[in-house]
Amino acid sequence: MSDILYLLALFTFQLFIIVNPFATIPVYLSLTKSNTYKQRVKIALTASLVSTIVLIFFGIFGNLLVGSLGIGLNAIKIGGGLLLLITGMNMVYGKFAGSKISDKEHSIAAKMEDISVTPLAIPLLSGPGAITTVLIFSNTNTSFLSSGVLVLGVILVGLSSYLLLRYAGVVNKFIGEIGMNTLGKVFGMIWVFLSTEIIIQGLTAVLTSAI
(Lines give C-alpha, C1' and ligand atoms only; values in the text may rest on other atoms or scores of the structure.)
Protein backbone atom coordinates (compact mmCIF):
# COMPACT_ATOMS: atom_id res chain seq x y z
CA MET A 1 0.00 0.00 0.00
CA SER A 2 2.82 2.38 0.89
CA ASP A 3 4.45 1.72 -2.50
CA ILE A 4 1.25 2.69 -4.31
CA LEU A 5 0.88 5.87 -2.25
CA TYR A 6 4.52 6.76 -2.96
CA LEU A 7 3.99 6.14 -6.69
CA LEU A 8 0.84 8.30 -6.62
CA ALA A 9 2.60 11.14 -4.79
CA LEU A 10 5.62 11.00 -7.12
CA PHE A 11 3.58 10.88 -10.32
CA THR A 12 1.18 13.61 -9.18
CA PHE A 13 4.06 15.89 -8.19
CA GLN A 14 5.91 15.34 -11.48
CA LEU A 15 2.77 15.88 -13.56
CA PHE A 16 1.86 19.03 -11.61
CA ILE A 17 5.34 20.44 -12.25
CA ILE A 18 5.08 19.66 -15.97
CA VAL A 19 1.53 21.00 -16.33
CA ASN A 20 2.51 24.06 -14.27
CA PRO A 21 -0.94 25.67 -13.95
CA PHE A 22 0.71 28.76 -12.44
CA ALA A 23 2.04 29.58 -15.91
CA THR A 24 -1.52 29.54 -17.26
CA ILE A 25 -2.78 32.12 -14.76
CA PRO A 26 -1.49 35.26 -16.60
CA VAL A 27 -3.01 34.05 -19.89
CA TYR A 28 -6.28 33.14 -18.20
CA LEU A 29 -6.56 36.54 -16.49
CA SER A 30 -5.68 38.39 -19.69
CA LEU A 31 -8.16 36.53 -21.87
CA THR A 32 -11.04 36.60 -19.37
CA LYS A 33 -10.80 40.19 -18.13
CA SER A 34 -14.03 41.11 -19.94
CA ASN A 35 -15.93 38.04 -18.66
CA THR A 36 -18.15 37.92 -15.60
CA TYR A 37 -17.05 35.92 -12.55
CA LYS A 38 -19.56 33.18 -13.37
CA GLN A 39 -18.22 32.93 -16.93
CA ARG A 40 -14.62 32.78 -15.68
CA VAL A 41 -15.51 29.94 -13.30
CA LYS A 42 -17.16 28.02 -16.16
CA ILE A 43 -14.10 28.56 -18.38
CA ALA A 44 -11.77 27.35 -15.61
CA LEU A 45 -13.92 24.27 -15.00
CA THR A 46 -14.22 23.37 -18.69
CA ALA A 47 -10.49 23.85 -19.33
CA SER A 48 -9.57 21.66 -16.36
CA LEU A 49 -12.07 18.94 -17.30
CA VAL A 50 -10.94 18.83 -20.94
CA SER A 51 -7.26 18.70 -20.02
CA THR A 52 -7.98 15.91 -17.51
CA ILE A 53 -9.87 13.89 -20.12
CA VAL A 54 -7.09 14.41 -22.70
CA LEU A 55 -4.36 13.24 -20.31
CA ILE A 56 -6.35 10.22 -19.11
CA PHE A 57 -7.06 9.28 -22.74
CA PHE A 58 -3.36 9.40 -23.65
CA GLY A 59 -2.45 7.61 -20.43
CA ILE A 60 -4.75 4.70 -21.24
CA PHE A 61 -4.76 4.59 -25.05
CA GLY A 62 -1.73 6.67 -25.99
CA ASN A 63 0.70 3.78 -26.14
CA LEU A 64 -1.59 1.94 -28.55
CA LEU A 65 -1.61 5.01 -30.80
CA VAL A 66 2.15 5.59 -30.80
CA GLY A 67 2.78 1.83 -30.96
CA SER A 68 0.72 1.62 -34.14
CA LEU A 69 3.12 4.16 -35.63
CA GLY A 70 6.12 2.04 -34.65
CA ILE A 71 7.24 4.45 -31.93
CA GLY A 72 8.77 2.72 -28.90
CA LEU A 73 9.13 3.78 -25.27
CA ASN A 74 12.79 4.75 -25.67
CA ALA A 75 11.96 7.08 -28.56
CA ILE A 76 9.27 8.71 -26.42
CA LYS A 77 11.72 9.10 -23.54
CA ILE A 78 14.51 10.59 -25.64
CA GLY A 79 12.32 12.78 -27.86
CA GLY A 80 10.00 13.86 -25.07
CA GLY A 81 12.94 14.39 -22.73
CA LEU A 82 14.64 16.68 -25.24
CA LEU A 83 11.42 18.66 -25.65
CA LEU A 84 11.09 19.08 -21.88
CA LEU A 85 14.78 19.98 -21.60
CA ILE A 86 14.54 22.76 -24.18
CA THR A 87 11.34 24.11 -22.63
CA GLY A 88 12.81 23.96 -19.13
CA MET A 89 15.95 25.81 -20.17
CA ASN A 90 13.85 28.50 -21.84
CA MET A 91 11.91 28.88 -18.60
CA VAL A 92 15.10 29.13 -16.53
CA TYR A 93 16.66 31.75 -18.79
CA GLY A 94 13.45 33.76 -19.03
CA LYS A 95 12.82 33.23 -22.75
CA PHE A 96 9.27 32.27 -21.84
CA ALA A 97 7.11 34.87 -20.20
CA GLY A 98 5.53 31.96 -18.35
CA SER A 99 2.59 31.75 -20.73
CA LYS A 100 3.85 28.82 -22.84
CA ILE A 101 2.17 30.36 -25.91
CA SER A 102 3.50 32.95 -28.35
CA ASP A 103 2.26 36.53 -28.68
CA LYS A 104 0.64 35.61 -32.01
CA GLU A 105 -1.22 32.69 -30.42
CA HIS A 106 -2.28 34.98 -27.59
CA SER A 107 -3.72 37.55 -30.02
CA ILE A 108 -5.61 34.83 -31.89
CA ALA A 109 -7.01 33.45 -28.63
CA ALA A 110 -8.16 36.93 -27.58
CA LYS A 111 -10.52 36.97 -30.59
CA MET A 112 -12.05 33.59 -29.78
CA GLU A 113 -15.44 33.33 -28.09
CA ASP A 114 -14.51 30.22 -26.09
CA ILE A 115 -10.93 29.86 -24.85
CA SER A 116 -11.58 27.00 -22.44
CA VAL A 117 -10.53 24.25 -24.88
CA THR A 118 -7.97 26.21 -26.89
CA PRO A 119 -5.59 27.53 -25.68
CA LEU A 120 -6.30 26.83 -21.98
CA ALA A 121 -6.92 23.08 -21.99
CA ILE A 122 -4.78 22.45 -25.08
CA PRO A 123 -1.88 23.22 -25.11
CA LEU A 124 -1.50 25.05 -21.79
CA LEU A 125 -2.82 22.45 -19.34
CA SER A 126 -2.31 19.33 -21.47
CA GLY A 127 0.57 20.08 -23.80
CA PRO A 128 3.29 17.84 -25.25
CA GLY A 129 5.20 17.72 -21.95
CA ALA A 130 2.21 16.51 -19.94
CA ILE A 131 1.24 13.99 -22.62
CA THR A 132 4.81 12.67 -22.72
CA THR A 133 4.77 12.29 -18.93
CA VAL A 134 1.60 10.18 -18.88
CA LEU A 135 2.81 8.10 -21.85
CA ILE A 136 6.07 7.26 -20.10
CA PHE A 137 4.32 6.47 -16.82
CA SER A 138 1.71 4.19 -18.43
CA ASN A 139 4.39 2.39 -20.46
CA THR A 140 6.67 1.91 -17.48
CA ASN A 141 3.94 0.95 -14.99
CA THR A 142 1.60 -1.55 -16.61
CA SER A 143 -0.35 -3.06 -13.69
CA PHE A 144 -4.04 -2.40 -13.02
CA LEU A 145 -3.19 -0.51 -9.83
CA SER A 146 -0.74 1.67 -11.76
CA SER A 147 -3.53 2.61 -14.16
CA GLY A 148 -5.59 3.66 -11.16
CA VAL A 149 -2.65 5.72 -9.91
CA LEU A 150 -2.39 7.44 -13.29
CA VAL A 151 -6.10 8.28 -13.43
CA LEU A 152 -6.18 9.53 -9.83
CA GLY A 153 -2.98 11.54 -10.30
CA VAL A 154 -4.33 13.23 -13.42
CA ILE A 155 -7.60 14.02 -11.62
CA LEU A 156 -5.72 15.56 -8.68
CA VAL A 157 -3.65 17.75 -11.02
CA GLY A 158 -6.82 18.71 -12.92
CA LEU A 159 -8.51 19.67 -9.65
CA SER A 160 -5.47 21.73 -8.64
CA SER A 161 -5.52 23.48 -12.01
CA TYR A 162 -9.21 24.28 -11.62
CA LEU A 163 -8.76 25.76 -8.14
CA LEU A 164 -5.75 27.84 -9.21
CA LEU A 165 -7.63 29.21 -12.23
CA ARG A 166 -10.85 29.80 -10.32
CA TYR A 167 -8.96 31.85 -7.73
CA ALA A 168 -6.40 33.15 -10.23
CA GLY A 169 -6.92 36.78 -9.21
CA VAL A 170 -6.16 36.02 -5.56
CA VAL A 171 -3.17 33.83 -6.45
CA ASN A 172 -1.79 36.47 -8.81
CA LYS A 173 -2.10 39.21 -6.19
CA PHE A 174 -0.57 37.03 -3.49
CA ILE A 175 2.41 35.81 -5.53
CA GLY A 176 2.87 38.88 -7.75
CA GLU A 177 4.74 39.20 -11.04
CA ILE A 178 8.15 38.70 -9.46
CA GLY A 179 6.90 35.64 -7.60
CA MET A 180 5.42 34.20 -10.80
CA ASN A 181 8.71 34.70 -12.64
CA THR A 182 10.66 33.12 -9.78
CA LEU A 183 8.25 30.19 -9.60
CA GLY A 184 8.56 29.74 -13.36
CA LYS A 185 12.35 29.52 -13.11
CA VAL A 186 12.16 27.02 -10.23
CA PHE A 187 9.70 24.88 -12.18
CA GLY A 188 11.99 25.23 -15.21
CA MET A 189 14.94 23.88 -13.22
CA ILE A 190 12.89 20.87 -12.12
CA TRP A 191 11.85 20.37 -15.78
CA VAL A 192 15.55 20.27 -16.72
CA PHE A 193 16.35 17.73 -13.98
CA LEU A 194 13.39 15.49 -14.84
CA SER A 195 14.02 15.65 -18.57
CA THR A 196 17.72 14.82 -18.14
CA GLU A 197 16.80 11.73 -16.12
CA ILE A 198 14.26 10.69 -18.78
CA ILE A 199 16.82 11.12 -21.58
CA ILE A 200 19.43 9.12 -19.64
CA GLN A 201 16.94 6.28 -19.12
CA GLY A 202 16.10 6.21 -22.83
CA LEU A 203 19.73 6.34 -23.99
CA THR A 204 20.78 3.71 -21.45
CA ALA A 205 18.09 1.32 -22.67
CA VAL A 206 19.06 1.89 -26.32
CA LEU A 207 22.78 1.40 -25.66
CA THR A 208 22.17 -1.67 -23.51
CA SER A 209 20.06 -3.33 -26.20
CA ALA A 210 22.70 -2.51 -28.82
CA ILE A 211 25.51 -4.22 -26.90
Checklist outcome for this item: Those residues of the stretch 162-194 which are at pLDDT below 90, aliphatic (A, V, I, L, M) and surrounded by fewer than 14 Cβ atoms within 10 Å (Cβ to Cβ) amount to Ile178
Checklist entry - In this structure, is Leu150 at pLDDT 90 or above and in contact with a Pro (Cβ under 7 Å, 6 or more places away or on another chain)? => result no
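Suppose we keep only residues that are part of a helix (DSSP H, G or I) and of a type in the set (S, T, N, Q) within the stretch 1-44. Which one would you say is nearest to Leu150 (Cα to Cα)?
Within the stretch 1-44, the match that is nearest to Leu150 (Cα to Cα) is Thr12.
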Next on the checklist: Here are the criteria: (1) farther than 20 Å from Leu163 by Cβ; (2) of a type in the set (A, V, I, L, M, F, W, C); (3) modelled with pLDDT under 95. Tell me which single one Val117 does not satisfy.
Outcome noted: (1)
Checklist entry - Of all the residues that make up the stretch 1-29, how many are within 21 Å of Val171 (Cβ to Cβ) and not hydrophobic (A, V, I, L, M, F, W, C)? => result 6
Item to check | Residues located in the stretch 139-161, provided they are surrounded by fewer than 21 Cβ atoms within 10 Å (Cβ to Cβ) and not aliphatic (A, V, I, L, M) | outcome: Asn139, Thr140, Asn141, Thr142, Ser143, Phe144, Ser146, Ser147, Gly148, Ser160
Next on the checklist: Tell me whether the stretch 64-80 contains one or more residues that are closer than 21 Å to Val157 by Cα and either modelled with pLDDT of 95 or more or surrounded by fewer than 16 Cβ atoms within 10 Å (Cβ to Cβ) (or both).
Outcome noted: no
Next on the checklist: Scan the stretch 190-210 and tell me whether some residue there is charged (D, E, K, R), within 24 Å of Leu55 (Cα to Cα) and out of contact with any strand residue (DSSP E or B) (no Cβ under 8 Å at 6 or more places or on another chain).
Outcome noted: yes
Checklist outcome for this item: For Pro123, the lone unmet condition from (1) more than 25 Å from Leu10 (Cβ to Cβ); (2) surrounded by 15 or more Cβ atoms within 10 Å (Cβ to Cβ); (3) free of Cβ contacts under 8 Å to residues at least 40 places away in the same chain is (1)
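The values are calculated or read from the model by the stated rules, or taken from the named source; none is laboratory data. Everything numeric in this text was worked out from a predicted model, so none of it was measured. Glycine gets a Cβ as well: all are built from the backbone with ideal geometry, and neighbour counts include every protein chain shown.
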